């Protein structure tokens, strides 16, 4: 890897309303899964960093929670997290899906980005695999009318279309710098956080629409089993807000919880390259999204 005067390294944040494909786009650019994805809005709850290694640059992509009108203390903290990130990166990627009309949420975010005067913004029209050429052309025009952007690029993370163009546009706006991360790492997230997120993804795939925002996952303990280097024990807790939600997550005779555990275990094994024993419990933490003490206990800090 070249580290001469032309080498660039820095941070690019993807910003947009919930469910516009930010996490899927980051995973595609990094080349592996470092952020969970789901069809449920507001899946991302943390700022996740994925690292793209190139011969001429190191692009650190910051995936942020979707900006939205918050209804809980958790929502307020997630929005604050996103807004703080805007001023801490070298370039911003404003994500708008090609297959949905521009809405109030997109306009609100465009205004927020316009206020960050010193940071260039590249508009990214996502999910182009779900739109016709005519739809994409109309969306590119609609996005261009929202604000002044450094560039506008249509992409498809699923179809692997124009991802190299997007990476070039973002990289060109990074400062000259030696690599920020060594050893070819693809994320700086702790393994326990990634494991907790994979469990939450497995839950999101199998529960009703009204539950996702009420589910939090914490890994209590994780480590190799004594005398068994080939087996990793993972003890994790899922927290919901009501007894009725606990019953939904567990399912009839524990069927849904068993299915969640099986899907999560396969994902964790792929992530860690080891056989995994997953002990998964479900507990009720009443109104945790609105309780500062419980938010801190579950890892959502001020």
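Since every read-out is calculated from the coordinates, none of them should be taken as a lab result. Everything quoted here is computed from the prediction, not taken from an experiment. Here Cβ is always computed from backbone atoms with ideal geometry, including for glycine, and neighbour counts include all displayed protein chains.
Sequence gap at least 6, Cα distance under 8 Å: using those rules, report the relative contact order of segment 235-302 to the nearest whole percent. Could you put the intermediate results ahead of the total?
Values: 62 pairs, mean separation 30.8, N = 68.
Rounded, it is 45 percent for segment 235-302.
Label separation (residue 116 vs residue 205): 3.2 nm, computed from points 7 Å beyond Cα along the C-beta direction. Sorting the segments 10-21, 285-296 by their mean number of nearby beta carbons within 10 angstrom, highest to lowest, gives 10-21, 285-296. Classify segment 191-297: rounded, prolate or oblate, from the alpha-carbon gyration tensor (a ≥ b ≥ c, eigenvalue square roots; a/c under 1.5 rounded; otherwise prolate if a/b is larger than b/c)? Prolate is the answer for segment 191-297, as a/c is 1.5 or above and a/b outweighs b/c.
Between residue 281 and residue 226, the simple spin-label model (points 7 angstrom out along Cα→Cβ) gives 1.9 nm. Using only the Cα atoms of segment 126-203, build the gyration tensor, take square roots of its eigenvalues as a ≥ b ≥ c, and label the shape rounded, prolate or oblate: rounded if a/c is under 1.5, else prolate if a/b is larger than b/c, else oblate. In terms of gyration-tensor shape, oblate. The relative contact order of segment 191-297 comes to 29 percent, based on Cα pairs under 8 Å that sit 6 or more residues apart.
Arrange the peptides 118-130, 156-168 so that the one whose residues have, on average, the most other Cβ atoms within 10 Å appears first.
Values: 118-130: 20.8, 156-168: 16.7.
Going from most to least packed, we get 118-130, 156-168.
Multiplying the residue separation of residue 270 and residue 135 by 0.36 nm and removing their Cα-Cα distance gives an extension gain of 44.9 nm.
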